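The values are calculated or read from the model by the stated rules, or taken from the named source; none is laboratory data. Note that the coordinates shown come from a computational prediction; the quantities given were computed from them, not determined experimentally. Don't worry about glycine lacking a Cβ; one is built from the backbone with ideal geometry, like all the others, and counts go over all protein chains shown. These area figures cover heavy atoms from the full protein model, side chains too; ligands, DNA and RNA do not enter into them. Shrake-Rupley method; radii C 1.70, N 1.55, O 1.52, S 1.80 Å.
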Amino acid sequence: MKRIVGALWIILAGSGVFVPVADAAPLRTAGDRPADILHLKLDLNVNIPLERARGTATIRLRALRDLPSVRFDAVDFDVRAVTVARNGGPAHEADFINDGESITVLFDRALKRGEEAVVTIAYSVTKPKQGLHFFHPTVSDPDTPYQVWSQGESIENRYWVPCFDHPNEMQTTEMIVTVEEGYEAVSNGRLISKKDNGDGTVTFHWLQDQPHVAYLITLVVGKFHVAKETWRGKPVLYYVPPDKKEMVQRTFEHTVDLLEYFSNRIGVEYPWDKYAQICAEQFGGGMENTSATTLGSWILHDERAHLDYSADGLIAHEMAHQWFGDLVTCRDWAHVWLNEGFASFMEPVWYEHHLGKDEYDYAIYQDMQAAIRGGKKRPIVDRFYEDPDDMFDSRAYPKGSSVLHMLRRRVGDELFWTSVRTYLTRYAHQPVETWQFRRVFEEVTGRSLERFFYDWTERPGAPELEFRFDWDASENLAELAFKQTQKEDAFEIPVEVEFRFDEGEPIVVRRTMTGKSLRVWYPLPSYPRMVLLDPRDAVLKELTVEKDRPLWEHQLFEAPYVTARIRAAKHFAKAGGDKNAALLGEALQQESFWGVGEEIAKALGKAGGDAARDALLKGLALKHPKVRRACVEQLASFHQDEKVIAAVRDLLEKGDPSYRVEAEAIRTYGKLQPDGAVSFLMPFLKRDSHRDQIRAAVLTALGDLADPQALPTLIEWSTNGKQRFTRSAAVRALGKMAEEAELSDEQIDRIVELVTDRLRIEKSRWLRGACLDTLEKLRRDARSALPVLRDVAANDPERRVRKRAKAVIKAIRQAEPPAAQVDDLAKELESLKKQNRRLRRRLEKLEGRLERGVPAENKVSAHASHAPQQEK
Ligand SMILES: [Zn+2]
């Protein structure tokens, strides 16, 4: 799964208030499996306007021990009947307990170990809170098409599929779906049949005859244009909104190449019967359901966006999961990095093949930066978590990718890919833990990797490495001093220094650093031209380097490695001053790779001063749009600088071929705060662009300008019927405006009312996240939003949103005078009491039923069999 980084992600990371502290999170282990689920068949009728799926689940299972009953995860199901057929015999109605979280099927006599049973559950789910998402036109989005998609990961398919919802259970599955004529229904595996029922409905029958875990079960229903290719005889399908069909080729241009390349590189052929990519309405990122990946329809793009936007990274990520995550699956979420780290790592692997080594290096560099930022507190393999979703963070993704890259460097390409192939072959269709992955690498390479995996998956953080180069001219002796300065124990790391000279071949010195410090003396033929530490980025680290200025200069212009040039740029930015900024400007003009160009632009922004400004202005004419975008972004820090204002204005008047450059220029213009900016920017609201990025940029800029005359515009663009990306930008801009502009009480009240309203009605969690951010900015002015906030905190279907709402309530409360707080607490206590009474009644009812139906011991074991319970 890949969630596209949105504001909600970021804020949540920072809001520790109601988030239980990590240490208090419970210890999680893989779920208990009382039975082996052999096959799960769903026969469903899907009614989109009613938001209902109704039908029968047929589950064939074999008892792994004597079982008086079996329990399936199933949240908020309406169950009509349950039958059980034992060992191929006739089906009989069976007693069951449906407690709102699960369905426990009671066998008339215990199912013996090894016995098989077929359980059928006739049920319906209506407006499920999670798992199966229904879309249709609404007041806020009248153009929304009728559509349904499922999202199972991490533990959400239990809202519409009765199953063992833990990643250690694999079964074959079948999906028979009846929908209105004219709709497509896509699911896992191969299409067995599509039948016209002659009554205005059609029935699709899909079969996944290779075992996979429950969270990978998918269903998407909607009106799609379906484009087809084939690869090695298998269908490759693209389901897209009919009005975007001309974007298929451009967006998915590399899908077939990727299937071919990954199959060859990994050494295991793509394992499923087809590969479909479905572009779904309001889908956040991508989800790797076996053979049928769901993607956000926003990835479809026009020719202009294609200048500097490609969906390849996301497409490669989800496709890589078809092996890593789908063919082998983490046994528990504690090991989810085996899914997400690999999928993230395979993105650079594709770039390396398709675009070259620099692209791989830069992508890994970015992963490593994110891994350092996000990996400081908890290890990658972490058994203590509140909710499985908490494991999907920068440890699983960029740090996981960085660890795989380090492992690749450690064992070498050939052994790395041989080990990967062995791992996938040995554990195909099985759940895995990190030690199993390690053991395969040890077996294939003969290396002991216990320390490597201890350092990188079982402990948090990364070494803080100081490196100093000194030169003894009398003896032509290089002195290399390495120090790990983190307060935690030393990491065992390879250190590699590459010396390059004016003439002749480079010399490479390699040592292993096992303690906190290491000194090496090494004779060289002459004083080097460059001294490059860890040139191939074999180690994740925070690095400080001391060496002579000429070495840095040569490195900036001539180093053959992307990260070496970036490090040199950062060095000169930190040193500051016009001379260094001018040097960076020269490097920017000469740089051949856009990624380094982007980093030099950032370095210039950090350096500041006239020379940096002039270098960035000159950078606006560079050929690569990503570099131009980075330059215009950095110019925002030159507040009210007339020269910058004139240049950005000029850029906007003339236009840029790239949407992203124009959008960035608009945001920068807002931050520069020039006179008359509001009226200058207004006409850009008429411009269409991919993901409405230009309009959204104008609204963001209007918020930054904090000019009350723009208030009606922001209000207008945050309302029903406006595009969602735009509404989100407008709501955020209202927060900025409320914070910084001088507004009347009436104006503030109007904003609070409007944003509270949106929080109530917005279906997209991103938009509700934007509303929450804005209300938090309004603090005590947002008191009138408290009842709605409380409702969201208690009942929002998204756990992240509920958590965030609690934090916002707290922020508003803290800004209040104490008397008001007491008043609120009294109200809250009253509502808790009511809730408590309701819960007690429900519990008493359940206990009554349990006493009638199930032995007490069984209640416990059935409940304990599936560790993580989604809080409601
Ligand atoms: Zn993923």
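Quick notes on this one:
- One way to sum up the overall shape of the chain is the equivalent ellipsoid from its Cα gyration tensor, whose semi-axes run 47, 36, 27 Å, largest first.
- Qualifying lysines (Cα of each under 23 Å from Cα of Lys623; at least 8 residues distant if same chain): Lys357, Lys570, Lys602, Lys606, Lys643, Lys654
- Long-range Cα-Cα pairs in the range 32-163 (distance over 20 Å), rounded percent: 47
- Sites Gln747 and Arg439 - FRET efficiency at Förster radius 60 Å, r taken between beta-carbons, to 0.05: 0.40
- Cross-link partners of Lys41 among aspartates and glutamates (Cα-Cα below 13 Å; sequence separation of 8 or more within a chain): Glu174, Asp209
- Residues listed by number, the range 478-505, amide nitrogen under 13 Å from Glu466 label point at 7 Å toward C-beta: 481-487
- FRET E, pair Asn45, Thr144, Förster distance 25 Å, beta-carbon r, rounded to 0.05: 0.70
- Across every direction, the projection of the convex hull enclosing the Cα atoms of the range 685-743 has a mean area of 3.5 nm².
- Projected label distance in nm at Gln835 and Ala490, using a 7 Å step from Cα toward the beta-carbon: 5.3
- Between the helical axis of 562-575 and the longest alpha-carbon principal axis of the chain there is an angle of about 60 degrees.
- Once the Cβ-Cβ distance of Glu653 and Gln723 is raised to the sixth power relative to R0 = 22 Å, the FRET efficiency obtained is 0.30.
- Rounded to the nearest 5, the antiparallel percentage of DSSP beta bridges internal to the chain is 80%.
- Cα-Cα pairs of the range 143-265 separated by more than 25 Å (percent): 35
- Angle in degrees between helix 337-355 and the longest Cα principal axis of the chain, rounded to the nearest 10: 50
- Residue-normalised accessible area of the chain, expressed per residue, 1.4 Å probe, Å²: 40
- Estimated from helical segments only, the mean residue ellipticity of the chain at 222 nm is -13000 deg cm²/dmol, where each DSSP H run of four or more residues counts as -39500 (n - 2.57).
- Charge dipole (debye, nearest 20) of the range 328-458; +1 at Cβ of Lys and Arg, -1 at Cβ of Asp and Glu: 420
- Helix 400-411 vs. the chain, principal-axis angle (Cα, 0 to 90°, nearest 10): 60
- Portion, in percent, of the accessible area of the chain that falls on carbon or sulfur, probe 1.4 Å: 48
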